[in-house]
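K.L.:
Take this structure first; my questions come after.
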Amino acid sequence: MAMKIGLAGYSGSGVTTLLALLSGDAGLASRHGGPEIRSISLNDPRLEQLVEVFDARKATPVQVDVVELGDLRPEEGGGLKRETLARAAGLDALVLVLRGFSVPTSAACRPGAELAEELQSLMQEFAIADLMPIENRLERLSKEGKISSREAQLLIRLKEELEEGRPIRGMGLDKEEVRVLSGYQFLTLAPLMVVANIGEEGVSEPLYADIDRRCAEEGAVYMQTAALAELELMELPEGERGPFLEELGITSPTRDRFLEGLFQLLDLIIFYTVSEKEVRAWTVPDGTPAVKAAGKIHSDMERGFIRAEVISVRECVELGSLAKAREAGKLRVEGKEYPMRDGEVLHVRFNV
Ligand SMILES: Nc1nc2c(ncn2[C@@H]2O[C@H](COP(=O)(O)OP(=O)(O)O)[C@@H](O)[C@H]2O)c(=O)[nH]1
Ligand SMILES: [Mg+2]
């Protein structure tokens, strides 16, 4: 299953422009329909190398589904709107887009002036949206005389936190508590990335320090983009973009930095499976036991796991095949608990 990332921000902050840039679908930016979803795949030189070495017929990169959440205003009396909740179901991370560029129609707006305030205000809205279903549920539980139940007691703790404007994610809930809450789709529980859409003007050092510090406090990954300008450059042939990107201070494309940021936020690594039929990239949290990584490929592989054969992509490319790697004694044999690291080829021996 592809990762699912939610994109949200105040209207006019550049959410759709960012999605257009991330997906390479420039036409999206001028469409003004409802919220959209795009699947984007990771540029992955290691995958390309493996495809070449194995002469594979198919290459499957890491895919990320990016969903615009759309309208964030709470439904009267009950949390986020039904459509918004549906789009937010099962998010792996939440990305907030802040408007840091000036608009000609509002003279009062200084570029990047209030990034930290805008973040604060967005988080406040999410906190309110998360509060509403809690209040409704607590009312029900109280009427039913279940206010001392574990669920009610947990909800009361969440309520106190949210009323202070603090996100649930910072509460250090344990796995069991998170499981109890999984039906609610709380947005302040999702890992957070912040994208400041700062436009061509850039952002001053003190403002940068301010928003950077706020994000660090929230455990959020922070990045900057000039979404519209970079999108306009997409019209140029790839080879001609360099100097213009440099002028904008863009060292690597937003799309790449966005995905890097996500990987950092979710502590993910990539491992690969290889055959002539298909070379494929998979993501798991850093240090995931080999048997769980195997389960990601197929549940039978987890159930009937015998051992893992592991080699780094670099060595695998050098040696040219798994058979040769085995001959050269470079294919390591590892057990169930072996912690997977970034950039390894995994071959699972299993029996069901
Ligand atoms: N100057 C400037 N305008 C931008 C930038 N990003 C988006 N815009 C413009 O801001 C307006 C709103 O953008 P849009 O992506 O539709 O915002 P959304 O409402 O958050 O989806 C559009 O007219 C965009 O062209 C930017 O980086 N600089
Ligand atoms: Mg939009």
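Readers should treat all values here as calculations from the given coordinates under stated rules, not as data from a laboratory. Fair warning: this is a prediction, and the values are worked out from it, not measured in the lab. Cβ sites come from the backbone with ideal geometry, for glycine too, and all protein chains shown count toward neighbours.
K.L.:
Could you work out how much longer the chain between Glu247 and Ser11 gets when fully extended? Use 0.36 nm per residue separation minus the Cα distance between them, nm to one decimal. All intermediate terms of the calculation are to be shown ahead of the outcome.
P.N.:
Details: separation 236, 0.36 × 236 = 84.96 nm, distance 2.79 nm.
Extra length available between Glu247 and Ser11 comes to 82.2 nm.
K.L.:
How high is the relative contact order of the chain, given as a whole-number percent (alpha carbon pairs under 8 Å, six or more residues apart)? Please list the in-between numbers first.
P.N.:
Values: 605 pairs, mean separation 67.0, N = 352.
About 19 percent, as a whole number.
K.L.:
Related question: May I ask you to compute the full-extension gain from Lys324 to Arg82, defined as 0.36 nm times their residue separation minus their alpha-carbon distance, rounded to one decimal in nm?
P.N.:
Values: separation 242, 0.36 × 242 = 87.12 nm, distance 5.52 nm.
Residue separation times 0.36 nm, minus the Cα-Cα distance, leaves 81.6 nm.
K.L.:
Nearest 20 debye, what's the magnitude of the dipole of the chain about its Cα centre given +1 on Lys and Arg Cβ and -1 on Asp and Glu Cβ? Don't jump to the answer; show the numbers that get you there.
P.N.:
Details: 42 positive and 59 negative charges, 320 e Å.
The calculated dipole for the chain is roughly 1540 debye.
K.L.:
Could you compute the FRET efficiency for Val352 and Glu200, with r as their C-beta to C-beta distance and R0 at 45 Å, rounded to 0.05? Mind dumping the intermediate values first?
P.N.:
Values: r = 57 Å, r/R0 = 1.28.
Computed FRET efficiency for Val352 and Glu200 comes out at 0.20.
K.L.:
A follow-up question, please. Between Ser39 and Met234, how many nm apart are label points set 7 Å from Cα along the C-beta direction?
P.N.:
Rounded to a tenth, the inter-label distance reads 1.8 nm.
K.L.:
Here is a further query. Using only alpha carbons, build the gyration tensor for segment 268-350 and give me the equivalent ellipsoid semi-axes, biggest first, whole Å. Present the calculation step by step, with values, prior to reporting the outcome.
P.N.:
Numbers: eigenvalues 70, 37, 30 Å².
Computed over segment 268-350, the values are 19, 14, 12 Å.
K.L.:
Based on Cβ point charges of +1 for Lys and Arg and -1 for Asp and Glu, what charge dipole magnitude is obtained for segment 286-344 about its Cα centre, in debye rounded to the nearest 20?
P.N.:
120 debye
K.L.:
Specify which residue in the list Ile147, Gly172, Val194 is farthest towards the positive end of the charge dipole of segment 138-214, using unit charges on the beta carbon of Lys, Arg (+1) and Asp, Glu (-1), about the Cα centre.
P.N.:
Ile147
K.L.:
Let me know the shape class of segment 40-104, please: from the alpha-carbon gyration tensor, a ≥ b ≥ c as square roots of the eigenvalues, rounded when a/c is under 1.5, otherwise prolate if a/b is greater than b/c, or oblate.
P.N.:
Numbers: a/c = 5.03, a/b = 2.11, b/c = 2.39.
Here segment 40-104 falls in the oblate category.
K.L.:
Take the alpha carbon gyration tensor of the chain, find the square roots of its eigenvalues, order them as a ≥ b ≥ c, and report rounded if a/c is under 1.5; if not, report prolate when a/b exceeds b/c, else oblate.
P.N.:
Values: a/c = 2.32, a/b = 1.23, b/c = 1.88.
Oblate, because a/c is 1.5 or more while a/b does not exceed b/c.
K.L.:
Let me ask something else. Considering segment 208-352, what Rg and Dmax in Å follow from its alpha-carbon atoms?
P.N.:
20.2, 58
K.L.:
Just want the ordering: Arg314, Arg166, from fewest to most Cβ atoms lying within 10 Å of their own Cβ. Intermediate values should be presented prior to the final figure.
P.N.:
Numbers: Arg314 13, Arg166 16.
Going from least to most buried by this count: Arg314, Arg166.
K.L.:
Which aspartates and glutamates have a Cα less than 18 Å from the Cα of Lys143, not counting those fewer than 8 places away in the same chain?
P.N.:
Candidates past the 8-residue exclusion: Glu135, Glu151.
K.L.:
Still on this structure: So if each residue of separation counts as 0.36 nm, and I subtract the Cα-Cα distance between Glu117 and Glu176, what length gain in nm does that give?
P.N.:
Extra length from Glu117 to Glu176 when fully extended: 17.9 nm.
K.L.:
Treat every Asp and Glu Cβ in segment 242-352 as -1 and every Lys and Arg Cβ as +1, leave all other atoms uncharged, and give the resulting dipole magnitude about the Cα centre to the nearest 20 debye.
P.N.:
On the way: 16 positive and 18 negative charges, 108 e Å.
In total the dipole reaches around 520 debye.
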